[in-house]
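The values are calculated or read from the model by the stated rules, or taken from the named source; none is laboratory data. Keep in mind that this is a model prediction, so the values were computed, not measured. Because the Cβ atoms are built from the backbone with ideal geometry, glycine has one as well, and the counts that use them run over all protein chains shown.
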Amino acid sequence: YLDSGADLVTFSGDKLLGGPQAGIIVGKKSLIEPMKRHPLLRALRMDKLTLAALEATLRLYRDERQALAAIPTLRMLTMSAVELSRRADRIIRYLRRRLPETVSFARHPGESNAGGGSFPLLQLPTALIEVCFAGATPFRIETALRLTATPVVGRIHRDRFLLDARTLLDSDLPRLVASLQEAVILLAEK
C-alpha cells in the first residue's frame, strides 16, 4: 500500500504476517514522529516480549524457505490449489484408515477466505474435505464436532459439512481423528 501512494498503513502482526498479536503502523516519518510523542503511546506500545517475537518473525522473512517452514500462516496462504488437492487426498486417506466406515469423506474444490479484517474480500482456491456421518445431517455433524473435547469448526456449504485442507496442520490430525471418533459416539446417542 505504501508503494501505491498511501502515507500511513496500519496492520496486525498476527494475521497475514504470522507473528505475535500487535498493531503495526508504517509510513512517512513525518506522520509517525508525532505519534511517538502522543500521551497514549505508553498505554498502547508493545512490550519487550512482543517486540522480540515480532523481530524474530521479521528475521525469518529474510530467507523465504525458512519463513515458509517456520510460519504456518505464510505457508497456508501460499499453498497452490494443486498442493491443496494432494494434501486433501492425503488427509482423507489418513482419516479413512482410522475411522469406521460410517464416516466418509470426499474432496471438493472451493475457496478460502484469507481473513476478515486483513483481506476481507480475498478468496484463494482450496480443496475442501466433506465429512459425512451415516444418517446425520451437516448441522448435526457440525454440532457434534463442536461438542467434542477438542472442538472442530468447519463450515456448511451446499448442504455439506466441510473442512478446509489449507487450515489443517499435520500435527492436528491425531486430534481431528479423536474428535471425529467422539462425534461418532455423540451422534449414535441422539
Next item on the list: Scan region 45-53 and give yes if some residue there is of a type in the set (Asp, Glu), at pLDDT below 95 and in a helix (DSSP H, G or I), otherwise no.
Entry: no
Check: List the pairs whose first member sits in region 21-42 and is assigned by TED's automatic domain parsing to the domain that holds Ile71, whose second member is in a loop (DSSP other than H, G, I, E, B) and of a type in the set (Gly, Ala, Ser), and whose Cβ atoms are under 9 Å apart, counting only residues at least 6 apart or on separate chains?
Finding: Gln21/Gly13; Ala22/Gly13; Gly23/Gly13; Ile24/Gly13; Gly27/Ala6
Next item on the list: For Ser85, indicate whether it is assigned by TED's automatic domain parsing to the domain that holds Asp164 and more than 21 Å from Glu189 (Cβ to Cβ).
Entry: yes
Next item on the list: Could you please find all residues in region 148-190 being part of a helix (DSSP H, G or I), more than 25 Å from Ala69 (Cα to Cα), touching a residue at least 40 places away in the same chain (Cβ under 8 Å) and not β-branched (Val, Ile, Thr)?
Entry: Leu180, Gln181, Ala183, Leu186, Leu187
